[in-house]
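The values are calculated or read from the model by the stated rules, or taken from the named source; none is laboratory data. Note that this is a predicted model, so its numbers are computed, not measured. Each accessible area value is taken on the protein alone, full model and side chains, heavy atoms only, with ligands, DNA and RNA left out. Shrake-Rupley method; radii C 1.70, N 1.55, O 1.52, S 1.80 Å.
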Amino acid sequence: MSFLSGVMLGLSLIIAIGAQNIWILSQCMAGANRFVLATVCIICDATLILIGVFAANELQQLLPGLLPWLTWGGIAMLLYLAYGLTWFNGFDYPS
């Protein structure tokens, strides 16, 4: 089950439209080699995801007391990204 969760997380990181995907689309429309661009980006994305997972695992093993701080820091970051920007700008969503 954890393997499937990891694969789904990796796909969600790669599939989402972002700056890299927009750049790839613009390069492909300009006539660049689509296969080479896609291959390089897939290899780079997979490598960075693997490095991040293994680095987080090593950090957790070296400093187990850091895990709760990282968890709460991640929660705070997600709450800030979801709601904090509207709180600081004084924007109210319409009812």
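The figures follow:
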item	result
3J(HN,Hα) from dihedral phi, the stretch 47-62, Karplus parametrisation 6.51/-1.76/1.60, rounded to Hz, x for glycine, proline	5, 5, 5, 4, 4, x, 5, 5, 5, 5, 5, 5, 4, 5, 6, 6
Heavy-atom accessible area order for MET29, MET8, largest first, 1.4 Å probe	MET29, MET8
Fully extended contour minus Cα-Cα distance, from ALA56 to TYR80, at 0.36 nm per residue	6.4 nm
